[in-house]
Amino acid sequence: MELNLKKPIAFFDIESTGLNVAKDRIIELSILKIDTNNTTTSKTWVVNPGYPISEEASSIHGFTYDDVKDKPMFKQIAKEVDDFLANCDLAGYNSLKFDIPMLVEEFLRAEVDFDVTNRKLVDVQNIFMKMEQRTLSAAVKFFLGKSLEDAHSAEADVMATYEVLKAQIEKYDDAEYTDKSGKTYVPVKNDIAALAEFSSHHRNVDLMGQIVYNENNEETLNFGKHKGKTLKEVFLNEPSYYSWMMNADFPLYTKKIITRIKLKMGTL
């Protein structure tokens with residue numbers, strides 16, 4: 001099918017130095033513009049971000065500093081990008097949360113007044129998440145083919161969750177999954193250890209994911225100005241940070257973890 005368009009729409013995607021919209025920078029910008037007659041034009045720019053590329057970001061998109069050091073800065077291509085997007089609505093995947101804010105931030109740094117107020121903004125991910133809801137009721141409908149009776153009754157919810165897990169194990173038996181590193185394997189097995197590993201987003205040290213294990217199994221901060229640094233490094237270089245965390249609004253379990261680490265360092 002063709003899109004019913006009253007004005008051009010530009011689908012775009014960004015690869016960046018990281019996920020902090022305020023600090024990180026664009027490395028690659030690719031735009032597919034669909035005109036009102038559904039003809040397409042595409043352009044891709046690779047830019048020198050003038051900002052360090054995080055190891056995590058590099059492991060996902062493959063760009064290193066050597067790949068971009070001779071490329072133009074965003075401010076050098078900003079006018080060209082602005083012209084290409086003239087009169088276009090915008091679309092992307094997770095674009096409302098990340099790509100659009102990142103693009104606007106780069107335009108502002110380049111002193112280009114890129115206005116989104118009169119543009120329609122379409123986020124394909126949000127459509128997917130709303131139409132294929134991830135609620136327990138939706139899971140019961142999808143995996144068990146029935147409606148969840150007495151939803152939000154604790155007893156009904158816990159029984160439904162049990163039934164859904166068994167159905168997931170059956171449905172995804174022998175189904176392959178490819179992770180961010182490119183490793184392909186069969187993750188959903190009738191094995192609790194395997195299910196626990198696959199259902200975790202991060203290798204959390206505390207329960208809330210404020211502290212995670214890095215690739216070297218070191219306790220690492222996952223928030224704030226020291227994100228990505230080990231707790232040992234932070235506590236050695238900024239001893240007052242421990243007191244700040246203990247007095248801040250962190251869960252008691254998180255405070256228990258950092259106290260344990262502090263004691264292990266022998267500095268408490």
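What number of residues within region 228-255 are in contact (Cβ under 8 Å) with a residue 24 or more places away in the chain and β-branched (Val, Ile, Thr)?
Total meeting the criteria: 1.
Report whether or not residue 256 is more than 25 Å from the chain's Cα centre (by Cα), charged (D, E, K, R), assigned by TED's automatic domain parsing to the domain that holds residue 170 and more than 22 Å from residue 56 (Cα to Cα).
So residue 256 does not fit the description; no.
Let me spell it out: the conditions are (1) touching a residue at least 24 places away in the same chain (Cβ under 8 Å); (2) not assigned by TED's automatic domain parsing to the domain that holds residue 184, and residue 195 meets all of them except one. Which number is the exception?
Residue 195 satisfies every listed condition except (2).
Sort out which residues of region 100-139 are in contact with a strand residue (DSSP E or B) (Cβ under 7 Å, 6 or more places away or on another chain) and under 30 Å from residue 152 (Cα atoms), and write them in order of number.
Across region 100-139, the qualifying residues are 123, 124.
Sort out for me the helices (runs of 4 or more DSSP H) sitting completely within region 1-94 that have 2 or more residues that are among the aromatic types (Phe, Trp, Tyr).
In region 1-94, the matching helices (runs of 4 or more DSSP H) lie at 74-84.
Hey, could you check region 163-187 for residues that are more than 26 Å from the chain's Cα centre (by Cα) and charged (D, E, K, R) and say which is surrounded by the most Cβ atoms within 10 Å (Cβ to Cβ)?
163
All but one of (1) touching a Leu at 6+ places or on another chain (Cβ under 8 Å); (2) loosely packed, with under 15 Cβ neighbours inside 10 Å hold for residue 260; which doesn't?
(1)
What single numbered condition from (1) in a loop (DSSP other than H, G, I, E, B); (2) within 30 Å of residue 21 (Cα to Cα); (3) more than 28 Å from the chain's Cα centre (by Cα); (4) not hydroxyl-bearing (Ser, Thr, Tyr) fails to hold for residue 249?
(3)
For the subset of region 130-148 comprising residues that are among the aliphatic types (A, V, I, L, M) and either without any contact (Cβ under 8 Å) to a residue 12 or more places away in the chain or under 30 Å from residue 88 (Cα atoms) (or both), which member is surrounded by the most Cβ atoms within 10 Å (Cβ to Cβ)?
138
Those residues that are surrounded by 14 or more Cβ atoms within 10 Å (Cβ to Cβ), closer than 17 Å to residue 11 by Cα and β-branched (Val, Ile, Thr), I need them from region 93-129; list them, please.
Result: 100, 104, 116, 122.
Does region 192-206 include one or more residues that are β-branched (Val, Ile, Thr), modelled with pLDDT under 95 and closer than 23 Å to residue 55 by Cα?
There is at least one residue in region 192-206 that is β-branched (Val, Ile, Thr), modelled with pLDDT under 95 and closer than 23 Å to residue 55 by Cα.
Please find, within region 74-92, the residue that is nearest to the chain's Cα centre (by Cα) out of those that are crowded, with 18+ Cβ neighbours inside 10 Å and not hydrophobic (A, V, I, L, M, F, W, C).
Among them, the one singled out is 92.
The values are calculated or read from the model by the stated rules, or taken from the named source; none is laboratory data. In this text the structure is predicted, and so the values were computed from the model without any measurement. Cβ sites come from the backbone with ideal geometry, for glycine too, and all protein chains shown count toward neighbours.
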